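The values are calculated or read from the model by the stated rules, or taken from the named source; none is laboratory data. Because the structure is predicted, anything quoted here is derived from the model rather than measured. Each accessible area value is taken on the protein alone, full model and side chains, heavy atoms only, with ligands, DNA and RNA left out. Shrake-Rupley method; radii C 1.70, N 1.55, O 1.52, S 1.80 Å.
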Amino acid sequence: LYLRGTGITSLPDNLTVGDYLDLRGTGITSLPDNLTVGDYLDLRGTGITSLPDNLTVGDSLDLEGCTGITSLPDNLTVGGYLDLRGTGITSLPDNLTVGG
């Protein structure tokens, strides 16, 4: 689901994306509850300030340059890599699983 550069400012709860979700260049500041992304979640440079509980990312989660995010939710599961460069995150949450 390629939403880069669109006017999207919110997503529905319980959204499942089977592959790639690209939100760069959108007005998104938060993600919906129970979001599942089967592959890559690209949030680089967005205004994201928090991630929802029960977020599952099948491959990689890229938060590079998300300066407004300062914490990760407990029980976060990322199947691939987790990129936190340029964020305000100073500690990792309980029960974090990163596969890559």
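Normalised per residue, the accessible area of the chain is 48 Å², obtained with a 1.4 Å probe and no contribution from ligands, DNA or RNA.
When the solvent-accessible area of the chain is split by element, carbon and sulfur atoms take up 45 percent of it, the probe being 1.4 Å.
Consider the candidate values (i) 115; (ii) 72; (iii) 136; state which one is volume of the Cα convex hull per residue in Å³ computed from the structure displayed. Answer label, from the structure shown: (ii).
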